Structures are given as structure tokens and as C-alpha cells.
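One structure below.
Bear in mind these aren't lab numbers, they're just calculated from the coordinates by the rules spelled out. From a predicted model like this one, the values you see are computed outputs, not experimental measurements. All Cβ positions, glycine included, derive from the backbone under ideal geometry; neighbour counts span all protein chains shown.
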Amino acid sequence: MISLHPALALIPLLGLAVDILAQALLCRLPLSIGHVRRQFVSFGLGLAAAALALFILLRPAGLGLKDNAGYGALVVLAYLFLGFCFFNVINLNVSSLRIRMIRELHRHHPQAVSTERLTALYGVSEMLDARLVRLEQGRQLYHSSGRYFLRRGAVLAIAHFFSGLRGLLFGERA
């Protein structure tokens, strides 16, 4: 029997590499989808690549069902962990006010940026308006009769998941 362990350790990394490359490619294509959808697509492509590599590796090994299931679970869980970390790095970069402010300061470096400019760019009402526009464009909510309403979808399901997780871990209600 051939040793599978070194190759098995690389499969989640292969999936992550496909995820990163797909994300980079999808961001450069003129698609009218939000960054979260792009992340789900690139994540799915990375998972598919990992699953295909696992299948190619395990097929000739002649292992039993339990061994294949165990290796499959190990690879999928490792890839899910790596993909989740990458997902959060991108979300942090996209949505973090602190990072956007640092980018603005870096763009003008070595010159200083006035407090008035930063307030104009990152004032609370401007940020809220920009966020609402993004949520509407991403079809996550809609505006009618002066009110905002949630739409059903993946982002709402994720919000419910994290609200439940927060309640479970911290004893807080959403």
C-alpha cells in the first residue's frame, strides 16, 4: 500500500490555493455580484478541487469505505477551516473601518489627512447610507414606503447562525 499521508496533508492547501486564485479572478471580472457571493463561489471551487484531488488520490489506493470516509472528513474539515479563515480575512479587509482609514492615510502619505476629510469620508450617516445601498444592490434588503425590509437568502441565514452562536457562547440574545 502506498503512503497517502504527505499528499493528504497538501490537499486542503490545494483547495485553499484554488479558492484564492478563483477569488482573485472573480474580483477582476466585470460581474455584478457582491463580494460575499464571489467568496461563496470561490470557496465552492476550492472545495470541489480538494474533493477531486482526494478522489484521484484515494481511488487507486484500494481502501475500504470507512477509511475513505475518514480521509474525506479529515480533508474536508481541514479545507473548511482554511477557507473560513480566508473568508474572514477578506471580510475584514472589505468591511473594517480601521483598515479603510489606514488605507486612506497611506494613500496620502507622507502628507497628513485632516480630521474633516476623515469625518467626511467615514461619517456615521455616510457609512450607513453606503451600507444600505450595498445591501440593496446585493438584494439582501429592499426599501419600500420609507422602510427597509430583509429579503430571504444566504446572508440572512448566516446572520441567524451567528446570532445563535453568540447566544450559545455568550448568553446574549440577538
* To do: With no solvent and one equal point scatterer per Cα, compute the Debye intensity ratio I(q)/I(0) for region 99-170 at 0.13, 0.14 Å⁻¹ and report its log10, rounded to two decimals.
  => -0.63, -0.70
* **Compactness index (Cα Rg / 2.2 N^0.38 Å), region 1-69** => 1.38
* Asked: Under a point-charge model restricted to the Cβ atoms of Lys and Arg (+1) and Asp and Glu (-1), what is the dipole moment magnitude of the chain relative to its Cα centre, in debye to the nearest 20?
  -> 320
* Cα point-scatterer Debye curve for the chain, base-10 log of I(q)/I(0) at q = 0.14, 0.20 Å⁻¹ -> -0.98, -1.32
